[in-house]
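Worksheet: one structure, shown below.
The values are calculated or read from the model by the stated rules, or taken from the named source; none is laboratory data. Just so you know, these numbers come straight off a predicted model, no measurement behind them. Counting neighbours? That spans all protein chains shown, and the Cβs are built from the backbone with ideal geometry, glycine included. To get the accessible areas, we keep the full protein, side chains included, count just its heavy atoms, and leave off ligands, DNA and RNA. Shrake-Rupley method; radii C 1.70, N 1.55, O 1.52, S 1.80 Å.
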Amino acid sequence: MSLVSFDQLLEAGAHFGHMPRKWNPAMAPYIFMERNGIHIIDLHKTVAKIDECAEIIKNMASSGKKILFVGTKRQAKEPIAELAKSVGMPYVTERWPGGMLTNFPTIRKAVKKMGQIDKMREDGTYNNLSKRERLQLDRQQAKLDKNLGSIRDMNRLPNALFVVDVMREHIAIREAQRLGIPVFAIVDTNANPRDIDYVIPANDDSTQAIELIVSAMCQAINEGQVEYKAIKAEKEAEEAAELAPSGRRQRTGARRERIRPANAEGERDEEATETVEEVAQTAEETAPANEEAANQQ
């Protein structure tokens, strides 16, 4: 069953495109008709593309991969922040920092700076600074948190991008293409779909349409994460089962090693006792002969 229905997209206004004079001819396969001076998007193809993208994203999430959500326009900020945060995925809703993918080590240094400031607050170093230094740190932390706070937990490059408004986020798409990162995107009639790996034709100016499509992707991610946790738990159980028998053998061998020294000590005691008895018997046998020799003298 489809994650999003035709009627839901229709109510959200996902079928409204741009004026014909602004259209991109590459979007012709996804346009149903022109009406009242605007292009109408074929929502049947939109539903099919949503299901296709959701299945691919679900497979990525079930492998433990990360998807970075990008939407800096006003209509996309709130739904992307809420939905991406609900499934633990990184997102960018403020200005795209240039080189965030192609110059990722530098971005990670800025994120680590945020962690250092937090650590200073915890260990009391922050309180020992002057008022001016504290004010500078506060401003720096506020700026970093605004631009990079949503990717604080992203320790490596994302495995995919989900973009809202291809025209606005062209820098992010270009960086992903350079690194070979697949791009999922909501593409309107004025954009070029040839730069996108997985196209979802829809109105990228409608908050309701954006929220509907992004929620479908996050639902697929949630299902994939559940599968990933189940697979991980099974692997851990199998590893524990494999290690359990070997552990028993090791303990049994240790017991044998403990028993062997005890037996060896018992054998040594018996040998020593026998030696003492032999010496005593020999002494008793030689005693009369020694007495006779002494009498003759």
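Placing a pseudo-label 7 Å from each Cα along the Cα-to-Cβ vector at residue 110 and residue 140 gives an inter-label distance of 1.4 nm. Whenever you get a sec, compute what percent of the accessible area on segment 183-249 sits on carbon and sulfur atoms (1.4 Å probe). C and S fraction of accessible area: 47 percent. The HN-Hα couplings worked out from phi for segment 199-215 by the Karplus form 6.51 cos²θ - 1.76 cosθ + 1.60 (θ = phi - 60°) are 8, 10, x, 6, 6, 8, 9, 9, 4, 5, 5, 4, 4, 5, 6, 5, 5 Hz, whole numbers, x standing for Gly and Pro.
When each of the peptides 97-109, 193-205 is scored by the mean number of other C-beta atoms lying within 10 Å of its residues, the order from highest to lowest reads 193-205, 97-109. Using a probe of 1.4 Å on the protein chains alone, the accessible area found for residue 210 is around 0 Å².
Apolar share of the accessible surface for segment 1-68: 53 percent from carbon plus sulfur atoms, 1.4 Å probe.
The residues packed around residue 39, meaning those with a beta-carbon under 12 Å from its beta-carbon, carry a net charge of 0 if Lys and Arg are +1 and Asp and Glu are -1. The residues neighbouring residue 132, those whose beta-carbon lies less than 14 Å from its own, together hold a net charge of +1 under the Lys/Arg +1, Asp/Glu -1 convention.
Give, as ranges by residue number, the residues of segment 18-57 whose backbone N falls under 20 Å from the point 7 Å along Cα→Cβ of residue 192. In segment 18-57, the label zone of residue 192 (backbone N under 20 Å from the point 7 Å along Cα→Cβ) covers 18-31.
With Cβ to Cβ distances under 11 Å as the rule, what net charge do the other residues near residue 227 carry (K, R +1; D, E -1)? Local net charge: +1. Can you give me the solvent accessible area of residue 162 with a 1.4 Å probe, rounded to the nearest 10 Å²? For residue 162, the solvent-accessible surface is approximately 0 Å².
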